1. Please go through (1) of a type in the set (Ser, Thr, Tyr); (2) in contact with a helix residue (DSSP H, G or I) (Cβ under 6 Å, 6 or more places away or on another chain); (3) over 30 Å from Asp290 (Cβ atoms) for Ser189 and return the number of the only condition it doesn't satisfy.
2. Got a number for residues in the range 1-54 being closer than 25 Å to Arg109 by Cβ, assigned to a helix (DSSP H, G or I) and of a type outside the set (Asp, Glu)?
3. Name every residue in the range 191-217 that is free of Cβ contacts under 8 Å to residues at least 40 places away in the same chain and assigned to a loop (DSSP other than H, G, I, E, B), in order of residue number.
4. Against the conditions (1) of a type outside the set (Gly, Ala, Ser); (2) under 17 Å from the mean Cα position of the chain (by Cα); (3) more than 20 Å from Leu245 (Cβ to Cβ), where does His88 fall short? Just the number, please.
5. Just one of the numbered conditions (1) crowded, with 20+ Cβ neighbours inside 10 Å; (2) out of contact with any Leu (no Cβ under 7 Å at 6 or more places or on another chain); (3) over 28 Å from Ala287 (Cα atoms); (4) not polar (S, T, N, Q) is not true of Leu120; which one?
6. Please specify each residue of the range 179-232 satisfying the condition of being of a type in the set (Val, Ile, Thr) and closer than 16 Å to Phe116 by Cβ.
7. Taking the range 38-86 on its own, how many of its residues are among the aromatic types (Phe, Trp, Tyr), under 15 Å from Ala118 (Cα atoms) and surrounded by fewer than 20 Cβ atoms within 10 Å (Cβ to Cβ)?
Amino acid sequence: MTMLDPDILAHVGTPPEMPPLTAELVALLRANMAMMAAAMPGADIDHVEDFDADGVPVRLYRPSSGTPLPLLVFLHGGGWMFGDLETHDAMTRHLAAASGCAVLAVGYRLAPEHKFPAGLDDAMTALDWARRSASSLGCDPARIALGGESAGGNLTAAVTLRLRAEGKAQPLFQLLIHPATDMGFSLPSFAEVGAPGLSKTYLDGCREFYLGDIAPSDPLASPLRAERHDGLARAIVLTASEDPLRDDGEYYAAALVRAGVETLACRLPGLPHGFQFLPITIPAVAAANDLIGGLVRRYFAIN
């Protein structure tokens, strides 16, 4: 029995069971996402500008400020196969408005055309570019964080692991919104939460299209399976109660805590996976956006 917030349930109804993924279905779902996004209004932001970050398309959202703003490099979700700067424009605008910080959205390459680690490579490139370019963007180079939702949360966690392995500085903090952290897709919440549109069959297809021949146990694909989690950026981990991936985030938060990483973990009641892609006019979605914005403000120490 679903415990979805009633307003959300009225909006989304009961999603259909997803058929096996094919290239044709991916194209159809991409077109559907673009159509939905085009009808999604976003918050007004003072300055929005596109850049080429060493070959990776990025879009800066910078609220009005007389001083350099902290910068959140943000990676959208979409099963590693869906989404771009346009489809997630409204989501990013609302995040920038609620947090008061500058947000740099990253248009990383997508599977199946570009398999692992193409998206991860692009996330690394975008973060490095942001660090080098922060001052010219009107941002504070000493306050740069990294975050993402769903597949973007997976990439965020993977970036922190790769930065540690390469001896590079961690972001100021990492923001993980219902992240996928274990490509096995077999943690207990998959049996406890029914979400036909996000079934294990569908997610297994996402994994196969994204990873190809790479083993799901690779820690840069499944950050939860890393041998160690110490030395990573402090974390904000937000999960949704009505999400089969709920345990991915909560198990990962526990792993960070065990490793001594400062971690704030919170389960948001009544919300499904991908709630940020729902209209902000739904009160529960607006409240969640305000919560996320407030946490980002706190961690950036924005007055």
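All of the numbers you see were taken from the coordinates with simple rules; none came from a lab. Note that the structure is a prediction, hence the values are computed from the model and not measured. Neighbour counts run over all protein chains shown; Cβ positions are idealised from the backbone, glycine included.
1. (3)
2. Total meeting the criteria: 15.
3. Asp213, Ala215, Pro216, Ser217 - these are the residues of the range 191-217 that are free of Cβ contacts under 8 Å to residues at least 40 places away in the same chain and assigned to a loop (DSSP other than H, G, I, E, B).
4. Result: His88 passes all but (3).
5. Every condition holds for Leu120 apart from (2).
6. Result: Thr181, Ile214.
7. 0
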